[in-house]
Amino acid sequence: MSSLEANTRYDPSEVEPRIVTRWLESGLFHPEPEGTAAENYSIAIPPPNVTGALHMGHALNNSVQDCLIRYHRMKGIRTKWILGTDHAGIATQTQVERALEREGTSREAIGREQFERRVWEWREQYGGTIIEQLKRLGASCDYEEERFTLDDAYAQAVLRVFVALYEKGYIYRDRYMVNWDPGSGSAISDLEVEPRDVTDTLFYIDYPLASGSGAITVATVRPETMLADTAIAVHPDDERYRRLVGETAILPLVGRKLKIIADEFVKPEFGTGALKITPGHDPNDFEIGRRHGLQQISVIGEDGRITDDAPERFAGMSTADAQHAVVAELRGLGLIARTEEYTHTVPFSHRSGERIEPLVSLQWFMRMDALARPAIEAVTSGRVRFYPERWAKVYLDWMEGIRPWTLSRQLWWGHRIPVWYRGNETYVGTTEPDGEGWERDPDVLDTWFSSALWPFATLGWPAQTPELRAFYPTNALVTGRDIIFLWVARMIMMGLEFPGEIPFEDVHITSIIQAPDGRRMSKSLGTGIDPLDLINGGPRPPVFSEGGSHPPGDFPAYGADAVRWGLLAMSSGQDVRFSEDKIAQGQQLTNKLWNASRLILLGVGADARAAVTPRTVEDRWILSRLARARAELAGRTERYDFSRAALGLYDFVYGELCDWYLELVKPRLRAGEPELARTLLHVLTETLALAHPIIPFVTEEIYSFVPGADGLLAARVETPVDAVVDEPAEAELGRLIEAVQAVRAWRDSAGVKAGAVVATRLAAPDYEQTADHLARLARLTFSGDGGEPVASVPVPGGAIEILAGDALDLEAAERKRAAAAEKLEGEIARSERMLANAGFVSKAKPEVVQAERDKLERLRAELEAL
């Protein structure tokens, strides 16, 4: 007995790891760098963090990419999926620092050189986790050429780009207001800042006027920063304060004289309309300070504590403790006029989660406007296209207002800035300067700087390698909307500036998969799931059982194909809620295809691969539907419409192939008809190829049992064929299917037993080729006489008249019909009352009213049919 005969059930947990091994051993995923990028197809994977593990975003993103890669590979195109991981500066450094903390030490204690060695050791131990998980998903990446953003060759490319941009005057060093992340101890860029709504206390503080004629009251949520105030600003048109402009106030607790200035930035409606100006600790105040030549005082250090520039009694305090102390002293002096709750937007670090501390700091920056111009043109001209198209506007809006990029990070893990200092001398280069006394800048570059080079540095740039010639520019980028600015825009700018070509033609922005209750997926919130728990079976969080059809307990082992199909079916242009039902539907598809394949393969001989000569209308129909399915799936894949691609595949395999065609030909299959065997084998083989990019494991396993199959399905090149659509056959079978469905619906409504054969008269033309199918599938007999019909079922072209017989219990059928009609009449009356209610029609949303009208129309049609 063959394994196909023995395995009545498809077991993904046994099949999928075995298939992965076959694929990897074949070398199929590693193309030789021949030809040009115009002839080939390539995608650069968004490099997962070396610290990372597979999450649902990865699973969807890589299912999409793999579908594209396999689709183009099977078209006979040389295809490369560029693979690698990102060094993930802050995330990786944090992981290793935590390990050191558990050992009772720190990076400062062991020193930079030893710390970097420890990070490399950590990377060797844990860095391959996500790569192995990608294999389990079935991702057909080029695993033989895995890249890492700190590889020597890649690092040289990064240094070369930095130096070139510095020499052009784009990169510069300056003291400027930055987003300081106390959690990571580093500056971060604007794009790494996450705004959150926070409710703070708004303190109204009286600043005495130096003239002794009263006080000016300011409102602030951060009284501790008043220790660094250098002015008070009012709007020049604010009549309340116009007389005070030019006077001075006394800074409480410090005694410093503050000039009262006029500036149009001030919003008269906020607080009292008078604004304390702290150029060292607020980005807006920093700009006001520059306009008015104000002193910059910093009283909060990079460690988040009060510095010696504040009065001695506050030095060394945390900002929270300093706020309490400042407020207490102000209350003691009677200078707090009042307080109130105030909800406002506050910046937090996307990296560490801590509240951003705006600080003036000496950092490396990059001007972006000159680089942005050609990158804007690349999108407006259509050379780079976004899918869905609306994301192009998001990209362009940001690019038009682009700001300088803070490049330097106060970390030890990453690409160290290639700058050395000696006294007042500065040297910038890809190699160390000659001579004694040079000291290298301790900072590293923002991780996104090196990631911006990913599509070409992974292929050997700046060397003009065969890989670069063969696979750059790449064809598509598949990513999420959250990194359009952080990564997509910067890759376009760098690609145009250095290799001189756009880095990719298409940018597909995937959906974000949310938890079933609409919250973001997060393990800390209890709303996240590991895709491998769906593939192999694992714990199901409670939120994934609440109010659904799946009980508490572990996920079943759905397998990678089911997860891939389910995620693709869920995906669309919008964010979507996770549906385990869709994963289960994917499993149903793989099982259905397996069972159908067993039926075919165990029923045909080894010589069934001769040319196909369709003999019957159903053979012509399935070949026509297969041609349509191929064309539709190809079009949807190339338009990045993966939801419709997955659902269309399901409809063809589950509906047309299995539920209709195989049911139609079962008698011929049992009879061993040679022509049918050839058609079946052809249809099965082409269906496996059609489905392979979406569900590669089950199709590869089935293909191994196909008589005469040569090699791997994944390596099979599809022969281009004209999509031969047989309209007459489709019309003929369309009538048959509709008629069968109509009779089955009548049987159900009349309470006819499932096995009962009903005597009927066919009162409709054009069923000459399909009457036998209709009788068998609908469990009918056709008669030329039989008297007056007791019922009539409308079918295309006429009707099927139901004759009296033992299979019918007319009284029971009438009772069931009457009950159904009564229920429908009640629902119709309720709907009519709602639509007659002027309040409902005028106040409800238009789409709700229209939905009720559509429902009423449907109910009336159902009643008429009864």
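The values are calculated or read from the model by the stated rules, or taken from the named source; none is laboratory data. The structure presented is a predicted model; accordingly, all values stated were derived computationally and were not measured. When we count neighbours, we look across all protein chains shown, and the Cβ atoms used for this are built from the backbone with ideal geometry, even at glycine. The accessibility values were calculated without ligands, DNA or RNA, using every heavy atom of the protein model including side chains. Shrake-Rupley method; radii C 1.70, N 1.55, O 1.52, S 1.80 Å.
From the protein chains alone at 1.4 Å, what is the descending order of accessible area for E425, E822, E673, E497, largest first?
E822, E425, E497, E673
Simple rule: put +1 on each Lys or Arg Cβ and -1 on each Asp or Glu Cβ in the chain, find the dipole, and look at Q464, V428, T637; the Cα lying farthest toward the positive end is T637. Rolled with a 1.4 Å probe across the full set of protein chains, the surface gives T8 an accessible area near 80 Å².
Taking every DSSP beta bridge with both residues inside region 754-866, roughly what % is antiparallel (nearest 5)?
The antiparallel proportion sits near 75 percent.
What is the percent carbon and sulfur in the accessible area of region 221-376, measuring with a 1.4 Å probe over the protein chains and ignoring ligands? Ligands and nucleic acids excluded, carbon and sulfur reach 47 percent. Less than 5 angstrom separates the built amide H of L359 from those of V178, W180, all sequence-distant by 5 or more or on a different chain.
What helices in the chain pass both tests, a Cα length along the helix axis of 18 Å or more and a mean Kyte hydropathy of -0.5 or higher, using whole DSSP H runs?
In the chain, the long hydrophobic H runs are 152-167, 319-332, 674-691, 727-750.
Among the listed pairs K592/K666; K582/K666; K75/K582, those with a Cα-Cα distance over 18 Å are K582/K666; K75/K582. Where [x] 1.08; [y] 0.94; [z] 0.99 are the candidate values, the label of the one calculated here for Rg/Rh (Cα atoms, Kirkwood Rh) is [x]. By the rule of a C-alpha distance below 21 Å, with chain neighbours fewer than 8 residues away ignored, the lysines paired with K276 are K257, K259, K267.
Straight-line reach from K823: taking Cα to Cα under 29 Å and skipping same-chain neighbours fewer than 8 places apart, the lysines in range are K753, K843, K845, K855. Taken per residue, the accessible surface of the chain reaches 44 Å², heavy atoms only and a 1.4 Å probe.
Could you work out [θ]222 nm for the chain from helices alone, using -39500 (n - 2.57) per DSSP H run of at least four and dividing by all its residues? Round to the nearest 500 deg cm²/dmol.
-13000 deg cm²/dmol
Counting only protein heavy atoms, what percent of the accessible surface of region 512-669 is carbon or sulfur at a 1.4 Å probe? The value for region 512-669 is 48 percent carbon and sulfur by accessible area.
Here the chain is treated with +1 on each Lys and Arg Cβ and -1 on each Asp and Glu Cβ, and its dipole about the Cα centre works out to around 720 debye. The trypsin sites (Lys or Arg not before Pro) of region 1-70 meeting both criteria, a DSSP state outside H, G, I, E and B (loop) and at most 14 other C-beta atoms within 10 angstrom of the site's C-beta, are R9.
Would you mind telling me the antiparallel percentage of the DSSP bridges in the chain, rounded to 5?
75 percent
Magnitude of the charge dipole for region 311-373, about its Cα centre and with charges confined to Cβ atoms of Lys, Arg (+1) and Asp, Glu (-1), is about 240 debye. Along the axis of the charge dipole computed for the chain (Cβ charges of +1 for Lys and Arg, -1 for Asp and Glu, origin at the Cα centre), the listed residues G755, P667, W23 are led at the positive end by G755.
For K816, the aspartates and glutamates whose Cα comes closer than 19 Å to its Cα, not counting residues fewer than 8 places off in the same chain, are D748, D806, E825, E827, E862, E864. For the chain, relative contact order (Cα pairs under 8 Å, six or more residues apart, normalised by length) works out to 13 percent. Loop-only chymotrypsin sites (Phe, Trp or Tyr not before Pro) in region 74-164, please: DSSP not H, G, I, E or B, and at most 16 other Cβ atoms within 10 Å. Taking region 74-164 and a limit of 16 other Cβ atoms within 10 Å, no loop chymotrypsin sites (Phe, Trp or Tyr not before Pro) are found.
When the chymotrypsin sites (Phe, Trp or Tyr not before Pro) in region 239-316 are filtered for DSSP coil states and for at most 13 other beta-carbon atoms within 10 Å of their beta-carbon, the remaining sites are F265, F270. Between N49 and D86, the built amide H atoms are under 5 Å apart, and every one of these is 5 or more places off in sequence or on another chain. Ranking P539, G526, W565 by how far each Cα lies toward the positive end of the dipole of region 498-642 (charges on Cβ) leaves W565 at the top. A simple spin-label model places the labels of A164 and L28 3.8 nm from each other, with each point 7 Å out along Cα-to-Cβ.
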